[in-house]
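Take a look at the structure below.
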């Protein structure tokens, strides 16, 4: 598997695997209710997702590099959109 670099590819990856993904600004976040299996975690890592232990979410920057959000939660600043509502 190769690392994904744009939001369309990342959203399609999540849709194909029926992952609980959301857009937060220009990033894709995945929050699981329980720890996912090793196969899912490995697929996320291979495609460019990183675990954020502070936010308890898998995050993919989709090629948009930013400084760390200090003092605020990006979900509050940018809002959250379920990927089912995103047209590609």
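Observations, loosely collected:
- Gyration tensor verdict on the range 1-45 (Cα atoms; rounded if a/c is under 1.5, prolate if a/b is larger than b/c, oblate otherwise): oblate
- Centre-to-centre separation between the Cα atoms of the range 3-51 and those of the range 53-79: 14 Å.
- Value of [θ]222 nm, deg cm²/dmol, for the chain, DSSP H segments ≥ 4, -39500 (n - 2.57) each, nearest 500: -8000 deg cm²/dmol
- Sorting the segments 23-34, 68-79 by their residues' average number of neighbouring beta-carbon atoms within 10 angstrom, most packed first, yields 23-34, 68-79.
- Based on the reciprocal of the average 1/r between different C-alpha atoms, the Kirkwood radius for the chain equals 13.2 Å.
- The chain - percent relative contact order, Cα under 8 Å, separation 6 or more: 39
Bear in mind that the values in this text are calculations on the coordinates, not laboratory data. Predicted, not measured: the structure shown is a model, and the values here were computed from it. Please note: Cβ atoms are built from the backbone with ideal geometry, for glycine as well, and neighbour counts cover all protein chains shown.
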